[in-house]
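Heads up, the thing below is written out as structure tokens.
The values are calculated or read from the model by the stated rules, or taken from the named source; none is laboratory data. Everything numeric in this text was worked out from a predicted model, so none of it was measured. A quick note on method: Cβ atoms are made from the backbone with ideal geometry, for glycine too, and the neighbour counts reach across all protein chains shown. Please note that ligands, DNA and RNA were not included when accessible areas were found on the heavy atoms of the full protein model with its side chains. Shrake-Rupley method; radii C 1.70, N 1.55, O 1.52, S 1.80 Å.
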Amino acid sequence: MMKIGIIGCGYIGSVIAENFKDEVLACYDRNMENMEKISKIVNRDINCSFEKIIKMDLDLIVESASVEAVRDLVPKVLENGKNVLIMSVGALADSQLLSKLKKLASGNNCKIYIPHGAIGGLDAVKTASSLGITKIVLTTRKNPEVLGIKIIKEKIVFEGHASEAVKKFPKNINVSAALSLAADKEAYVRIIADPSVDTNIHEIYVEGSFGKMNLIFNNLPSENKRTSILAAFSAVNLIKSLKSEILIY
């Protein structure tokens, strides 16, 4: 049985708790009501402080809180020798933070796991990167309400590199950072606010010495409209794969 802790007890934290009720042993969130919700899901009191959760005997801590949590809390998780699954992968668009976390993981003999989130095909993109990627573009289309924008006609609200996209839309474009990590090359990003859509649409174009890829994902949002259902369950799938005898890459 895997021993799991959760940092960030919103929608994704709840999905993790629902799918691993016996294995989630601790949870932390600045919002007490969110922690109590997780405790109710697993049917026991697992609320704890951040200081306690990083000292517990856990195999994996799931970060599902925020970019700020990755920056401020994940280094301490790694310093305490805990493997961590990062959902707020947009934080890793900061190359200095990424380098710091990699050094901490190496120095403390632990791993950083990144789920595919709201997109797929990252295994193929990663393979292509070893052959050479010359162009990688992500076009994301969302309802303006999700982006916190009020418009009545379709509009390109951002065009530029992933690191800048994450700064401008930290809760909406984590996929750009995951894609860039897989490609070992910063993705070029277009974000389109489109009042006519009620799903989150991600289109990926990759070109290189391997050939070309065109990938399209049209995802239903979760109860948290900024998060696709697929993104939450990508974490569930990753945890299941860590427990499995057969790994598919």
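Among the candidates Ala193, Ala232, single out the residue that is among the aliphatic types (A, V, I, L, M), buried (at least 16 other Cβ atoms within 10 Å of the Cβ) and in contact (Cβ under 8 Å) with a residue 60 or more places away in the chain.
Only one candidate passes the filter, namely Ala232.
Quick one: count up the residues across segment 199-210 that are open to solvent by 30 Å² or more (accessible area, probe 1.4 Å) and either touching a Lys or Arg at 6+ places or on another chain (Cβ under 9 Å) or assigned to a strand (DSSP E or B) (or both). Steps first, please.
The initial filter retains those residues of segment 199-210 that are open to solvent by 30 Å² or more (accessible area, probe 1.4 Å), namely 203, 205, 207, 209-210.
Still in the running and either touching a Lys or Arg at 6+ places or on another chain (Cβ under 9 Å) or assigned to a strand (DSSP E or B) (or both): 203, 205, 207.
Count: 3.
Does segment 22-42 contain at least one residue that is of a type outside the set (A, V, I, L, M, F, W, C) and crowded, with 23+ Cβ neighbours inside 10 Å? Talk me through it step by step, then tell me what you get.
Residues of segment 22-42 of a type outside the set (A, V, I, L, M, F, W, C): 22-23, 28-31, 33-34, 36-37, 39-40.
If we keep only those that are crowded, with 23+ Cβ neighbours inside 10 Å as well, we get 28.
Looking for residues that are of a type outside the set (A, V, I, L, M, F, W, C) and crowded, with 23+ Cβ neighbours inside 10 Å, one finds at least one in segment 22-42, hence yes.
Inspect segment 50-60 for any residue being within 30 Å of Leu138 (Cβ to Cβ), at pLDDT 95 or above and either open to solvent by less than 60 Å² (accessible area, probe 1.4 Å) or of a type outside the set (Lys, Arg) (or both) and give the result as yes or no.
Yes, segment 50-60 contains at least one residue that is within 30 Å of Leu138 (Cβ to Cβ), at pLDDT 95 or above and either open to solvent by less than 60 Å² (accessible area, probe 1.4 Å) or of a type outside the set (Lys, Arg) (or both).
If a residue has to be under 27 Å from Ser228 (Cβ atoms) and without any contact (Cβ under 8 Å) to a residue 12 or more places away in the chain to count, how many in segment 19-65 make the cut?
Within segment 19-65, residues that are under 27 Å from Ser228 (Cβ atoms) and without any contact (Cβ under 8 Å) to a residue 12 or more places away in the chain number 4.
Residues to consider are Glu79, Glu68; find the one that is closer than 23 Å to Phe169 by Cα, modelled with pLDDT of 95 or more and of a type in the set (D, E, K, R). Walk me through it before giving the result.
Numbers: Glu79 fails: closer than 23 Å to Phe169 by Cα.
Unique residue meeting the criteria: Glu68.
Every residue, every condition in (1) of a type in the set (S, T, N, Q); (2) open to solvent by less than 60 Å² (accessible area, probe 1.4 Å); (3) in contact with a helix residue (DSSP H, G or I) (Cβ under 7 Å, 6 or more places away or on another chain), yes or no:
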| site | (1), (2), (3) |
| --- | --- |
| Ile112 | no, yes, yes |
| Ala124 | no, yes, no |
| Ala128 | no, yes, no |
| Lys135 | no, no, no |
| Asn143 | yes, yes, no |
| Lys150 | no, no, yes |
| Lys153 | no, no, no |
| Ile156 | no, no, no |
| Gly160 | no, yes, no |
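Residue by residue through segment 73-97, note down the ones that are aliphatic (A, V, I, L, M), buried (at least 17 other Cβ atoms within 10 Å of the Cβ) and without any contact (Cβ under 8 Å) to a residue 40 or more places away in the chain. Walk me through how you get there before you give the answer.
As a first pass, look at segment 73-97 and keep what is aliphatic (A, V, I, L, M): 73-74, 77-78, 84-87, 89, 91-93, 97.
So of that shortlist, the ones also buried (at least 17 other Cβ atoms within 10 Å of the Cβ) come out as 73-74, 77-78, 84-87, 89, 91-93.
Once the filter is applied, which keeps residues that are aliphatic (A, V, I, L, M), buried (at least 17 other Cβ atoms within 10 Å of the Cβ) and without any contact (Cβ under 8 Å) to a residue 40 or more places away in the chain, segment 73-97 yields Val74, Leu78, Val84, Ile86.
Find the strands (runs of 3 or more DSSP E) located wholly in segment 49-159 whose residues include 3 or more that are farther than 22 Å from Glu23 by Cβ, and list them. Walk me through it before giving the result.
Values: elements: 60-63, 84-86, 133-142.
Here the list reads 133-142.
Residues of segment 144-164 being of a type outside the set (Val, Ile, Thr) and touching a residue at least 60 places away in the same chain (Cβ under 8 Å), which ones? Let's see the steps before the verdict.
Step one: list which residues in segment 144-164 are of a type outside the set (Val, Ile, Thr), which gives 144-145, 147-148, 150, 153-155, 158-164.
The answer is Glu145, Ala162, Ser163.
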